[in-house]
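Worksheet: one structure, shown below.
The values are calculated or read from the model by the stated rules, or taken from the named source; none is laboratory data. Since we're looking at a predicted model, the values are computed, not measured. Neighbour counts are summed over all protein chains in view; Cβ atoms, including those assigned to glycine, are modelled from backbone coordinates with ideal geometry.
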Amino acid sequence: MLRIMCKSKIHRVQVTDANLKYMGSVTIDKKIMQAADILPNERVQIVNLNNGSRVETYAMEGKAGSGVICMNGAAARWAQVGDLVIIISYCLLDTETAGKCRPKVVFVDTKNRIVKKRK
């Protein structure tokens, strides 16, 4: 049996931009993506702490060190600049491995700079 497990999350990051005219996805600062072990085009779920909604999309790499978290396309209607969100990535693991899984967690400050990582 395979189980869907939380692989990593970016905790309480702030939305910096919304681009309705882009085809889709979320743009994430490259350094934050690397710290969370999220690859370009990887599926992510985003939980909006301001309105309680969730959206799934794919990650795109933004400029390293920029702090960018930009909701693109339809997701731009779902979050406003300044909203706090949690970005979660998942993986499929067999039951034995799943029991040992510990997700990476990236914590950021109010400017989306990495302040702590838990592995």
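Observations on the structure shown:
- For Gly82, the conditions (1) surrounded by fewer than 18 Cβ atoms within 10 Å (Cβ to Cβ); (2) more than 21 Å from Arg113 (Cβ to Cβ) all hold with the exception of (2).
- When residues of the stretch 1-43 are limited to those that are touching a Ser or Thr at 6+ places or on another chain (Cβ under 9 Å) and of a type in the set (Lys, Arg), the one surrounded by the most Cβ atoms within 10 Å (Cβ to Cβ): Lys9
- Residues that are of a type outside the set (Lys, Arg), out of contact with any strand residue (DSSP E or B) (no Cβ under 8 Å at 6 or more places or on another chain) and modelled with pLDDT under 95 within the stretch 21-50 are absent altogether.
- Among residues of the stretch 53-78, those that are aliphatic (A, V, I, L, M), in contact with a strand residue (DSSP E or B) (Cβ under 6 Å, 6 or more places away or on another chain) and modelled with pLDDT under 95, counted: 2
- Between Val44, Val115, the distinction of being assigned to a strand (DSSP E or B) and in contact (Cβ under 8 Å) with a residue 12 or more places away in the chain belongs to Val44 only.
- Within the stretch 44-68, considering residues that are of a type in the set (Val, Ile, Thr) and in contact with a helix residue (DSSP H, G or I) (Cβ under 8 Å, 6 or more places away or on another chain), the one surrounded by the most Cβ atoms within 10 Å (Cβ to Cβ): Ile46
- Scanning the stretch 15-72 for residues that are under 10 Å from the mean Cα position of the chain (by Cα) and aromatic (Phe, Trp, Tyr) yields one hit, Tyr58.
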